[in-house]
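The values are calculated or read from the model by the stated rules, or taken from the named source; none is laboratory data. Remember, it's a predicted structure, so these values are computed and weren't measured experimentally. FYI the Cβ positions are ideal-geometry reconstructions off the backbone, even for glycines, and counts take in every protein chain you see. Please note that ligands, DNA and RNA were not included when accessible areas were found on the heavy atoms of the full protein model with its side chains. Shrake-Rupley method; radii C 1.70, N 1.55, O 1.52, S 1.80 Å.
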Amino acid sequence: MIDESYTRWFRGYTTNVLALTWCSATTTEDVLAAYGISPEITEPMNFLGGDIDLLIGRLGNGTIIMDYSVDSPTPQTLPALAQYGPCLSAAWCGDVPAIVSYYAHDGRVVRFDASERDWYPDPDLASVEQWIAATPAGTEIWDNRWSRAILITAEALLQAAIDEEWMRSTHVGVTFPE
């Protein structure tokens with residue numbers, strides 16, 4: 001299970017990432033199609049590569065999307081991606097807590113502020129609390145360490161965790177034309 005040292009390691013690597021999305025049962029091609037991205041504008045890239053808007057990599061039984069772009073289409077693409085299997089997304093900017101969204105085949109299940117769940121929970125706080133209690137992280141970790149809870153939930157969704165080897169591996173990089 002993911003511990004606090006892994007969480008710090010992961011956050012250290014992803015400080016410039018504005019949104020992370022874990023999608024089970026998807027391929028890189030599925031992600032490109034959902035985003036409406038032509039394969040011609042992609043390039044092989046590792047995590048620490050150059051100027052980039054999206055990094056898409058296979059992980060476990062699905063894909064992870066690291067979004068470096070403020071104008072990302074991620075919220076519009078999650079329903080399309082969830083047609084293949086559940087998707088978990090966490091979007092944040094700087095020190096602002098993550099907005100967590102979880103989508104299943106039939107649409108958004110929950111959306112909430114990770115640190116203040118009662119602030120505009122969707123569809124309602126009871127649904128968010130019920131979903132949290134059913135995650136592998138459980139209520140206690142979500143209450144005390146939401147960033148760790150996100151990673152635990154994502155790891156269970158894809159049945160894999162990002163490690164140094166994944167960080168060094170080549171993935172699909174996308175830079176949107178200006």
**Report entry** Any chance Thr7 is among the β-branched types (Val, Ile, Thr), surrounded by 15 or more Cβ atoms within 10 Å (Cβ to Cβ), at pLDDT 95 or above and under 30 Å from Glu129 (Cβ atoms)
**Finding:** no
Just wondering, is there one or more residues in the range 94-114 that are closer than 21 Å to Ala25 by Cβ, part of a loop (DSSP other than H, G, I, E, B) and modelled with pLDDT under 95? yes
Restricting the range 119-178 to residues that are in contact (Cβ under 8 Å) with a residue 24 or more places away in the chain and in a strand (DSSP E or B), the one farthest from Gly62 (Cα to Cα) turns out to be Val174
Thr63 vs (1) of a type in the set (Ser, Thr, Tyr); (2) touching a helix residue (DSSP H, G or I) at 6+ places or on another chain (Cβ under 6 Å); (3) modelled with pLDDT under 85: all pass except (3)
Note on the range 105-121: residues in contact with a strand residue (DSSP E or B) (Cβ under 8 Å, 6 or more places away or on another chain) and more than 17 Å from Trp92 (Cα to Cα) are Arg108, Val109
Quick count over the range 81-102, residues being within 13 Å of the chain's Cα centre (by Cα) and either of a type in the set (D, E, K, R) or open to solvent by less than 20 Å² (accessible area, probe 1.4 Å) (or both), is 9
Going through the range 17-49 in order, the residues found to be exposed (fewer than 15 other Cβ atoms within 10 Å of the Cβ), in contact with a strand residue (DSSP E or B) (Cβ under 9 Å, 6 or more places away or on another chain) and free of Cβ contacts under 8 Å to residues at least 60 places away in the same chain are Thr27, Pro39
Just one listed residue, out of Trp166, Trp142, is modelled with pLDDT of 95 or more and surrounded by 15 or more Cβ atoms within 10 Å (Cβ to Cβ), and it is Trp142
Is it fair to say Arg117 is of a type in the set (Lys, Arg), over 17 Å from the mean Cα position of the chain (by Cα) and surrounded by fewer than 15 Cβ atoms within 10 Å (Cβ to Cβ)? no
